[in-house]
Amino acid sequence: MKKLYCVIGNPIAHSLSPAMHTALLEKNQLDASYVPFLLEEETFADAMLGLKTLGISGFNITSPFKEKILPFLDAIDVEAKACGAVNTVVVRDGKWTGYNTDGAGYLEGLQTVKPVTHTDQILILGAGGASKAIFHALANRTDANITIANRTVEKAINMVAGTTHAAISLQEAETNLANYTIIIQTTSAGLTKENPELPISLQNLAPGTIASDIIYNPAKTAFLEEAETHGAIIQNGLPMFVNQAAIAFQLWTGLDADRELMKQIVLKQVGGTEC
């Protein structure tokens, strides 16, 4: 029987997940398809029943449903539970298990620039859903020291509660910027070239610092452009986007995903570059 995979969200037309996963399914000659489903928040429960009725084999979740999916799961992975959000559901024997592959996908990409060690001082800008996933992956899989800086400091404090990691204001992050070896930009600042704002001033950035932005379109955000002028090593969000999808594919099928194929599909669609 042909398997069905999908991505759910609102909006969803912009998603590049169908192009990537369709290419992977075809390359591996799997009798399956992957489609986007636009869902409305007010009919979300009915839609989940519909997915069960369809006999869905697995699916991805994007905004605004990464938290709304939680009550419909039969089980949830430890890391997904820790960050309170799910972006991938695996179906086994009719049971739905939720995972969050964003953090692991991000870390996998970061480690291609430099292995993360106990000597690293990492600053994460922002305390939203992506930030939570990245924080928990770094906290659980590395020995680095992590600091969260956010406009609303209370949100950052809540993220690090129960850990040895720190929460500070954006102003304090600016002042002490030279102390960090890796800076991760997770806010929506600079998402478009028309709005090239920076979450903080990078005036105190030390040369050789790794500056990472989880946005991949545009390929080089205002944050990355500014960081580069201060001698930073920059990386955009393309590796995270590709890796999180590759991990989801592996969870569903047990097969390795061709990351290079996936990357080229994204670059072709957005007309961007890897940096």
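Do you know which of the residues in segment 6-35 that are without any contact (Cβ under 8 Å) to a residue 40 or more places away in the chain and open to solvent by less than 60 Å² (accessible area, probe 1.4 Å) is nearest to Val266 (Cα to Cα)? The extreme case among them is Pro18. Restricting the search to segment 127-140, which residues are surrounded by fewer than 15 Cβ atoms within 10 Å (Cβ to Cβ) and either modelled with pLDDT of 95 or more or part of a helix (DSSP H, G or I) (or both)? Of everything in segment 127-140, just one residue is surrounded by fewer than 15 Cβ atoms within 10 Å (Cβ to Cβ) and either modelled with pLDDT of 95 or more or part of a helix (DSSP H, G or I) (or both), namely Asn140.
Within segment 115-125, not a single residue is within 17 Å of the chain's Cα centre (by Cα) and assigned to a loop (DSSP other than H, G, I, E, B).
Just so you know, in segment 182-200 the residues that are open to solvent by 50 Å² or more (accessible area, probe 1.4 Å) and over 17 Å from the mean Cα position of the chain (by Cα) include one that is modelled with the highest pLDDT, and it is Leu198.
Are any of the residues in segment 100-119 small (Gly, Ala, Ser) and farther than 27 Å from Thr152 by Cβ? The answer is yes, given that some residue of segment 100-119 is small (Gly, Ala, Ser) and farther than 27 Å from Thr152 by Cβ.
Can you find even one residue in segment 190-213 that is in contact (Cβ under 8 Å) with a residue 40 or more places away in the chain, out of contact with any Asp or Glu (no Cβ under 9 Å at 6 or more places or on another chain) and of a type in the set (D, E, K, R)? Scanning segment 190-213 turns up no residue that is in contact (Cβ under 8 Å) with a residue 40 or more places away in the chain, out of contact with any Asp or Glu (no Cβ under 9 Å at 6 or more places or on another chain) and of a type in the set (D, E, K, R). Residues of segment 230-274 that are of a type in the set (A, V, I, L, M, F, W, C) and more than 26 Å from Ala13 (Cβ to Cβ): Ala232, Ile233, Ile234, Leu255. With the structure loaded, tell me whether Thr43 is open to solvent by 40 Å² or more (accessible area, probe 1.4 Å) and under 17 Å from Ile247 (Cα atoms) or whether it fails that test. Here the answer is no, as Thr43 does not meet what is asked.
Count of segment 108-126 residues, restricted to those that are farther than 16 Å from Thr186 by Cα and either of a type in the set (Val, Ile, Thr) or open to solvent by less than 10 Å² (accessible area, probe 1.4 Å) (or both), is 6. Considering only segment 44-65, I want to know if a residue exists there that is touching a strand residue (DSSP E or B) at 6+ places or on another chain (Cβ under 7 Å), touching a residue at least 60 places away in the same chain (Cβ under 8 Å) and hydrophobic (A, V, I, L, M, F, W, C). For segment 44-65, residues touching a strand residue (DSSP E or B) at 6+ places or on another chain (Cβ under 7 Å), touching a residue at least 60 places away in the same chain (Cβ under 8 Å) and hydrophobic (A, V, I, L, M, F, W, C): absent. Just one of the numbered conditions (1) open to solvent by 40 Å² or more (accessible area, probe 1.4 Å); (2) within 30 Å of Leu177 (Cα to Cα) is not true of Gln264; which one? Failing condition for Gln264: (2). Annotation note: of Thr22, Thr43, Thr62, the sole residue that is more than 23 Å from the chain's Cα centre (by Cα) and of a type in the set (Val, Ile, Thr) is Thr43.
The set of residues in segment 235-260 that are open to solvent by less than 10 Å² (accessible area, probe 1.4 Å), aliphatic (A, V, I, L, M) and in contact with a strand residue (DSSP E or B) (Cβ under 7 Å, 6 or more places away or on another chain) contains only Ala248.
The values are calculated or read from the model by the stated rules, or taken from the named source; none is laboratory data. Since we're looking at a predicted model, the values are computed, not measured. Because the Cβ atoms are built from the backbone with ideal geometry, glycine has one as well, and the counts that use them run over all protein chains shown. Surface areas here come from the heavy atoms of the whole protein model, side chains and all, with no ligands, DNA or RNA. Shrake-Rupley method; radii C 1.70, N 1.55, O 1.52, S 1.80 Å.
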